[in-house]
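Down below is the structure, laid out as structure tokens.
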């Protein structure tokens, strides 16, 4: 059976309260587990000796963010250069990309480039954004199956051959 | 309206064919679009002038992974460090964690920790942090997101009770 890859995405942030506010205001997220401090043997097994973290969960219409603020060790959040990082971005389906982008900007985020059409000329819109910590997320006006249909329609190479 | 965060998670890989094999074998993903080389047009704006990248999409029962192998610019894929990365990991719901872990290991991945139960309670669902062959971290859990939140709240209530005694 195929797994469900929609449990959560984990982001490291510098200020947990600021990050919660951003994802509530920008994307309509809902705080479902409030920030708690975690330390001790299990946390040290996961994150290394001396690790102290605050963690919370913000839920959406589908999927969730797990937000982590490390009190120790304290390491700056690295820039999210898409061609240099390992996990590049996460992607979000919204009703209206320009309207959501306006909310992202009002909440302290920004677009990395102007809104575009998927495949260059389809009705599907997308844009890469950054949250206040620089984490990259993609807004799309179509869901994943529709995105795949658009890509396949425009690219003979993208047709799956059995 | 709340947004849907289940469109995809994007991973950069050094070998898109090997990564496509891993995610289809380990978590029974389906290749929705096979690796195809893309450049020009808006890819220069997405990834910088001259970018050339192979992209594939792997679909799951819910959510998807978008795999990127950059032909240009080239940079090693860094092994994930949970205390240093920005994006730490992503979570995956499976019916049986040890069975899913066995498939992950057979496909060339590994676990970072022993399988644990939430809050260390005997009856709680199991979870484990894993790595794919390139070191991207993902978490296997035999519970949904909502069930996980319930488990966390139960764990915290038990901790509070223990403190009061």
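No lab work stands behind these numbers, since they all come straight from the coordinates. Just so it is clear, the structure is predicted and the values come from calculations on it, not from any experiment. Methodologically, a virtual Cβ is constructed for each residue, glycine included, from the backbone with ideal geometry; neighbour enumeration extends over all protein chains shown.
Things to note:
- Cβ neighbours within 10 Å from other chains - mean over B:13-25: 0
- Gyration tensor verdict on chain B (Cα atoms; rounded if a/c is under 1.5, prolate if a/b is larger than b/c, oblate otherwise): prolate
- Separation of alpha-carbon centers, the stretch A:73-138 and the stretch B:1-16, rounded to whole Å: 11 Å
- Note on chain B: helix-only mean residue ellipticity at 222 nm, from DSSP H runs of 4+ residues weighted -39500 (n - 2.57) and normalised by residue number, equals -9000 deg cm²/dmol.
- Taking A:12, A:21, A:149 in turn, the Gaussian network model of chain A (Cα-Cα springs below 10 Å) assigns the largest fluctuation to A:149.
- Residue with peak Gaussian network fluctuation, chain B [Cα springs, cutoff 10 Å], from B:64, B:75, B:18: B:75
- Shielding by other protein chains, A:20-27, mean Cβ within 10 Å: 1
- Here the sum of -39500 (n - 2.57) over DSSP H runs of 4 or more residues, divided by the residues of chain A, equals -7000 deg cm²/dmol at 222 nm, to the nearest 500.
- Each Cα pair under 8 Å and six or more residues apart adds its sequence gap; the mean of these over the residue count of chain A is a relative contact order of 20 percent.
- Compared with the dominant principal axis of the Cα atoms in chain B, helix B:145-164 is inclined by about 40°.
- The mean number of Cβ atoms from other chains found within 10 Å of a Cβ in peptide A:88-97 is 6, as a whole number.
- Cα-Cα separations in chain A greater than 26 Å, expressed as whole percent: 35 percent
- Spatial separation of Cα centroids for the stretch B:47-126 and the stretch A:6-47, in angstrom: 18 Å
- The protection proxy used here, the mean number of other Cβ atoms lying within 10 Å of each residue, ranks peptides A:152-160, A:94-102, B:28-36, B:8-16 as follows, highest first: B:8-16, B:28-36, A:94-102, A:152-160.
- Cβ-to-Cβ counts within 10 Å put B:65, A:150 in ascending order as A:150, B:65, the fewest first.
- Classified by the C-alpha gyration tensor, the stretch A:56-138 has a prolate form. Its axis ratio a/c, with a ≥ b ≥ c, is 1.5 or above, and a/b is larger than b/c.
- For the stretch A:118-162: rounded, prolate or oblate by the Cα gyration tensor [a/c cutoff 1.5]: prolate
- Rg/Rg_globular for the protein assembly as shown, with Rg_globular taken as 2.2 N^0.38 Å and Rg from C-alpha atoms: 0.96
- In the elastic network of chain B, a GNM with C-alpha springs shorter than 10 Å, the most mobile of B:126, B:145, B:110 is B:145.
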